[in-house]
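Trainee: Please see the structure below; I have some questions.
The values are calculated or read from the model by the stated rules, or taken from the named source; none is laboratory data. Bear in mind that the values here come from a model prediction, so they are computed numbers and not experimental data. Glycine gets a Cβ as well: all are built from the backbone with ideal geometry, and neighbour counts include every protein chain shown.
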Amino acid sequence: MASPLKSLVHDDSRYQTSFQLFLQRSSEHQCVRDFIHNKLADILASIGDGKSHLNVIGVGSGAGEIDLEMLSELHKRHPDVTVDNEVVEPSSQQIHNYKALVAKTAELQSIPFSWHIMHSEDYEKQVKAKGDIKKFDFIHMIQMIYYVDDLQETIKFFQSLLKKNGRLMIVVESANSGWDILWKTYKKELCVGSIQEYRSSGEVVACLKSLGLKYEEHLIPQSFDITDCFDPSSEPGARLASFMTGTDRFHESFSPEIRAGMLDLLRNKCSTEKDGRVFFNGNMSCILIHA
């Protein structure tokens, strides 16, 4: 699963170090995996009921770790159902990593994969230009909705690709989570790169209501320790703060006043304290949109 902040960071080597630190500190991937194998498993089972073949597409799939968890769960629930899987991902490196992961996953060798190295908007243009529109039983977008230019048109297009009883799944940061509070409070300073408008589940749900689409929302609770961010001498703290604000170097990217304001917000509005440690509210939402 790709981070929503990745393309904001200019030095990729620093980003990778910061992102790995974030993954070590947070339980984001594990929380999503737990959700897949518990709540989502029954939904995947119902999608495949009575069908002999399923079409699945991941949009913004990154290196595919979470995609393969869902495909494995789908295979477990419907071992005799054939599956075609398509991937839309703009990074050729991530596609390379995804293919390497598929090659090592024995239970998925029977699934044919189609690769589209492009952004979701380009995929939409390609589909519309061809005119031969393929329908899908399950479409998933995990931590990628931040990047699209037109939220409503993107949701409308991909929802239109659903087969009967299909689902479009969007995983995004929850409304009123720490991410939502931080990025909206400091929109002027943070929304300056690939993310021009930060979106949480609040914006997605409002869009679905305006479109009159049926949906359900599930909370994926998650928190992580950001105590080191408040120690100016801590290198891990500086890297974590850099990742959270989408910058190369947190301490050099903002004025002392802005930096102090962000840290105060992180401690007092975005987190809770327990036993002298500060835990950031990283809650996510899984929104399942019906055909």
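Trainee: If the requirement is being under 22 Å from D84 (Cβ atoms) and among the acidic types (D, E), which of these qualifies: D122, D150?
Mentor: Only one candidate qualifies: D122.
Trainee: Moving on. Does segment 111-128 contain any residue that is modelled with pLDDT of 95 or more, surrounded by 17 or more Cβ atoms within 10 Å (Cβ to Cβ), within 17 Å of the chain's Cα centre (by Cα) and under 30 Å from N38 (Cβ atoms)?
Mentor: Scanning segment 111-128, I find no residue that is modelled with pLDDT of 95 or more, surrounded by 17 or more Cβ atoms within 10 Å (Cβ to Cβ), within 17 Å of the chain's Cα centre (by Cα) and under 30 Å from N38 (Cβ atoms), so the answer is no.
Trainee: Those residues that are in a loop (DSSP other than H, G, I, E, B) and either modelled with pLDDT of 90 or more or in contact with a Gly (Cβ under 6 Å, 6 or more places away or on another chain) (or both), I need them from segment 56-78; list them, please.
Mentor: G60, S61, G64, H78
Trainee: Scan segment 96-153 for residues that are in a loop (DSSP other than H, G, I, E, B), free of Cβ contacts under 8 Å to residues at least 12 places away in the same chain, more than 23 Å from L44 (Cβ to Cβ) and not charged (D, E, K, R) and report the count.
Mentor: Matching residues across segment 96-153 total 1.
Trainee: Give segment 172-206 a look and list any residue that's part of a loop (DSSP other than H, G, I, E, B) and either touching a Ser or Thr at 6+ places or on another chain (Cβ under 6 Å) or farther than 19 Å from D264 by Cα (or both), or say none.
Mentor: S174, A175, C191, V192, G193, S194, I195, Q196, E197, Y198, R199, S200, listed by residue number.
Trainee: Here's a follow-up. Where in segment 221-291 are there strands (runs of 3 or more DSSP E), lying fully within it, with 1 or more residues that are among the acidic types (D, E), on the phi < 0 side of the Ramachandran plot and more than 24 Å from the chain's Cα centre (by Cα)?
Mentor: Values: elements: 223-225, 271-274, 277-281, 284-290.
Here the list reads 271-274.
Trainee: Tell me yes or no: at least one residue of segment 19-34 is touching a Lys or Arg at 6+ places or on another chain (Cβ under 8 Å), more than 29 Å from G193 (Cβ to Cβ) and at pLDDT 90 or above. Quick ask: steps written out before the conclusion?
Mentor: Step one: list which residues in segment 19-34 are touching a Lys or Arg at 6+ places or on another chain (Cβ under 8 Å), which gives 19, 21.
Still in the running and more than 29 Å from G193 (Cβ to Cβ): none.
There is no residue in segment 19-34 that is touching a Lys or Arg at 6+ places or on another chain (Cβ under 8 Å), more than 29 Å from G193 (Cβ to Cβ) and at pLDDT 90 or above.
Trainee: Still on this structure, please answer the following. So how many residues does segment 252-281 have that are polar (S, T, N, Q) and touching a residue at least 24 places away in the same chain (Cβ under 8 Å)?
Mentor: Of the residues in segment 252-281, 3 are polar (S, T, N, Q) and touching a residue at least 24 places away in the same chain (Cβ under 8 Å).
Trainee: Something else now. All but one of (1) under 25 Å from F243 (Cβ atoms); (2) of a type outside the set (A, V, I, L, M, F, W, C); (3) over 17 Å from the mean Cα position of the chain (by Cα) hold for H78, so report the exception by its number.
Mentor: Unmet for H78, out of (1) under 25 Å from F243 (Cβ atoms); (2) of a type outside the set (A, V, I, L, M, F, W, C); (3) over 17 Å from the mean Cα position of the chain (by Cα): (1).
Trainee: Pull up segment 24-54, narrow it to residues that are more than 15 Å from the chain's Cα centre (by Cα) and in a loop (DSSP other than H, G, I, E, B), then point me to the one that is surrounded by the fewest Cβ atoms within 10 Å (Cβ to Cβ).
Mentor: It comes out as G50.
Trainee: Scan segment 203-214 and tell me whether some residue there is over 12 Å from Q152 (Cβ atoms), of a type in the set (S, T, Y) and either touching a Cys at 6+ places or on another chain (Cβ under 9 Å) or in contact (Cβ under 8 Å) with a residue 12 or more places away in the chain (or both).
Mentor: Checked segment 203-214: no residue is over 12 Å from Q152 (Cβ atoms), of a type in the set (S, T, Y) and either touching a Cys at 6+ places or on another chain (Cβ under 9 Å) or in contact (Cβ under 8 Å) with a residue 12 or more places away in the chain (or both).
Trainee: Another question, if that's okay. Tell me, please, whether a residue that is surrounded by fewer than 19 Cβ atoms within 10 Å (Cβ to Cβ), closer than 21 Å to Q152 by Cα and modelled with pLDDT of 95 or more can be found in segment 230-239.
Mentor: No, there is no match, as no residue in segment 230-239 is surrounded by fewer than 19 Cβ atoms within 10 Å (Cβ to Cβ), closer than 21 Å to Q152 by Cα and modelled with pLDDT of 95 or more.
Trainee: Within segment 150-209, track down each residue that is polar (S, T, N, Q) and either under 26 Å from I36 (Cβ atoms) or crowded, with 18+ Cβ neighbours inside 10 Å (or both).
Mentor: If we filter segment 150-209 for residues that are polar (S, T, N, Q), which is where we start, we get 152, 154, 159-160, 165, 174, 176-177, 185, 194, 196, 200-201.
T154, Q159, S160, N165, S174, N176, S177, S200, S201, listed by residue number.
Trainee: A further question follows. Tell me which residues, restricted to segment 154-168, are among the aliphatic types (A, V, I, L, M), within 17 Å of the chain's Cα centre (by Cα) and outside any helix (DSSP H, G or I). Before you say what the answer is, go through the steps one by one.
Mentor: Taking segment 154-168 and keeping what is among the aliphatic types (A, V, I, L, M), we get 155, 161-162, 168.
If we keep only those that are within 17 Å of the chain's Cα centre (by Cα) too, we end up with 155, 168.
Of everything in segment 154-168, just one residue is among the aliphatic types (A, V, I, L, M), within 17 Å of the chain's Cα centre (by Cα) and outside any helix (DSSP H, G or I), namely L168.
Trainee: Being farther than 16 Å from G178 by Cα and not hydrophobic (A, V, I, L, M, F, W, C) is the filter here, so list the residues in segment 198-215 that pass it. Can you show your working first?
Mentor: Taking segment 198-215 first, the residues farther than 16 Å from G178 by Cα are 204-215.
Residues satisfying the conditions are K209, S210, G212, K214, Y215.
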